[in-house]
Amino acid sequence: MNTELTQLYSSLIINVEMHPRAKSIHFWSDLRSGNISAEVNLSLQPLSHIEAIEVDLALAANALRTLILPNFYQLCVDIEAIFHGAQPSTLIDQLAEADIQHLLNLSRYAQSWQSKYPGEVKKLLQYVLVLPVYSQIWSRLAVEERSELTQQVNELLSQPGNDYLIGCKQFQQHYLKQSLQALSQARQLVFSFFDLRPGINPERLNSLVHNTLLNNEHSQFA
């Protein structure tokens, strides 16, 4: 599997799908180093209040990708605590200050909504936890599929100085099958944290997440 492309895809998909101003994706290979990079191009239209929340969600969730392993259970505990007003833990403090601020913005929304809209607060918390896991599962599935688009991007970026531009909607549509599969698996893992079903303890949950991210064929729940 192309690990570099998988990591690159993982860094993009949350903003591609969740950022309200996402327009296109620009891939490029550095002319000198040959390193591959990509960014999501955004429109410059002003954000509504709801869209500002969506931006906080997208950017916070994207940053949390790096903290999933090795202790996903602890990450869930820490984020849930922040949603109830706690300060960022040592684990969360590993993020950049701007990313922590996006998470704290979501915490403020959650606390202000809790009394009137507890169901919406629970959904928001679930999104914050599901999206980082989803991005990791999706990127691996997308690259493993070796579709025409994946091959095209990979081949273009193998030559220093090349670049490639694709619309976000076209990109999403191409990988719809992988998106649905990854979302189902990510939800199952996160819901296990909330339910802690019989046989699912913290160590078991962490093991399930590890296997799902690194070796999909052994990711099914026992």
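Where a number appears in this text, it was derived from the coordinates with a stated rule and is not lab data. Note that the coordinates shown come from a computational prediction; the quantities given were computed from them, not determined experimentally. Reconstructed Cβ throughout: ideal geometry from the backbone, glycine too, with neighbour counts over all protein chains shown.
Structure notes:
- Only Lys, Arg (+1) and Asp, Glu (-1) charged, at Cβ; the range 3-218 dipole about Cα centre in debye: 500
- Ordering of 98-110, 164-176 by burial proxy (mean other Cβ atoms within 10 Å per residue, highest first): 98-110, 164-176
- Computed on the Cα trace of the range 77-135, the radius of gyration divided by the Kirkwood hydrodynamic radius gives Rg/Rh = 0.96.
- Centroid-to-centroid separation of the range 1-70 and the range 88-104 [C-alpha atoms, Å]: 18
- The angle between the Cα long axis of helix 118-144 and the longest principal axis of the Cα atoms of the chain comes to about 30 degrees, rounded to the nearest 10.
- Kirkwood analysis of the chain, using all unique Cα-Cα pairs, places the hydrodynamic radius at 18.3 Å.
- Pairs of lysines in the range 3-218 (C-alpha under 24 Å apart; 8 or more residues apart or interchain): 4
- Principal-axis tilt of helix 148-157 within the chain, Cα atoms, nearest 10 degrees: 70
- Counting only alpha carbon atoms, the long axis of helix 97-113 and the longest principal axis of the chain meet at about 40°.
- Evaluated at q = 0.30 Å⁻¹: base-10 log I(q)/I(0), Debye formula over Cα of the range 10-62: -1.16
- A simple packing score, the average count of other Cβ atoms within 10 Å per residue, orders the peptides 131-142, 7-18, 42-53, 69-80 as 131-142, 7-18, 69-80, 42-53, with the highest score first.
- Residues 66, 150, 90 in ascending order of nearby Cβ atoms (within 10 Å, fewest first): 90, 66, 150.
- Rg/Rh for the range 66-109, where both radii come from Cα atoms and Rh is the Kirkwood radius: 0.94
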